[in-house]
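Take a look at the structure set out below.
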């Protein structure tokens with residue numbers, strides 16, 4: 001379940017292919033377009049919070065790859081503990 005923030009997400013535009021956010025491989029070449037859209041997104045913070053809280057394991061969320069989010073979750077856990 002997401003929040004109202006999702007309605008404001010740049011990725012929801014019909015101008016973008018949804019597959020950009022879930023490429024077959026999360027390598028810079030394949031994620032670059034999604035990351036670029038995310039950089040200007042007005043709800044990037046909310047998107048990242050959602051992805052971290054719900055352990056989004058795949059795709060680009062808030063301009064981050066799954067590997068980057070794993071690192072962020074690790075840091076978050078260390079700071080909280």
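The values are calculated or read from the model by the stated rules, or taken from the named source; none is laboratory data. From a predicted model like this one, the values you see are computed outputs, not experimental measurements. Quick reminder, even Gly has a Cβ in these numbers, built from the backbone with ideal geometry, and neighbours come from all protein chains shown.
Tabulated data
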{"quantity": "Residue match in the stretch 46-54 (condition: free of Cβ contacts under 8 Å to residues at least 40 places away in the same chain and more than 21 Å from residue 5 (Cβ to Cβ))", "calculated": "no"}
{"quantity": "Of all residues making up the stretch 13-26, the number that are touching a helix residue (DSSP H, G or I) at 6+ places or on another chain (Cβ under 7 Å), under 19 Å from residue 51 (Cα atoms) and at pLDDT 85 or above", "calculated": "3"}
{"quantity": "Options 72, 79, 57; residue that is assigned to a loop (DSSP other than H, G, I, E, B), surrounded by fewer than 17 Cβ atoms within 10 Å (Cβ to Cβ) and either on the phi < 0 side of the Ramachandran plot or at pLDDT below 90 (or both)", "calculated": "57"}
{"quantity": "Selection status of residue 52, within 24 Å of residue 24 (Cα to Cα), in contact with a helix residue (DSSP H, G or I) (Cβ under 9 Å, 6 or more places away or on another chain), outside any helix (DSSP H, G or I) and at pLDDT below 95", "calculated": "no"}
{"quantity": "Selection from the stretch 13-31 of residues that are within 14 Å of residue 59 (Cβ to Cβ), assigned to a helix (DSSP H, G or I) and without any contact (Cβ under 8 Å) to a residue 40 or more places away in the chain", "calculated": "18, 19, 30, 31"}
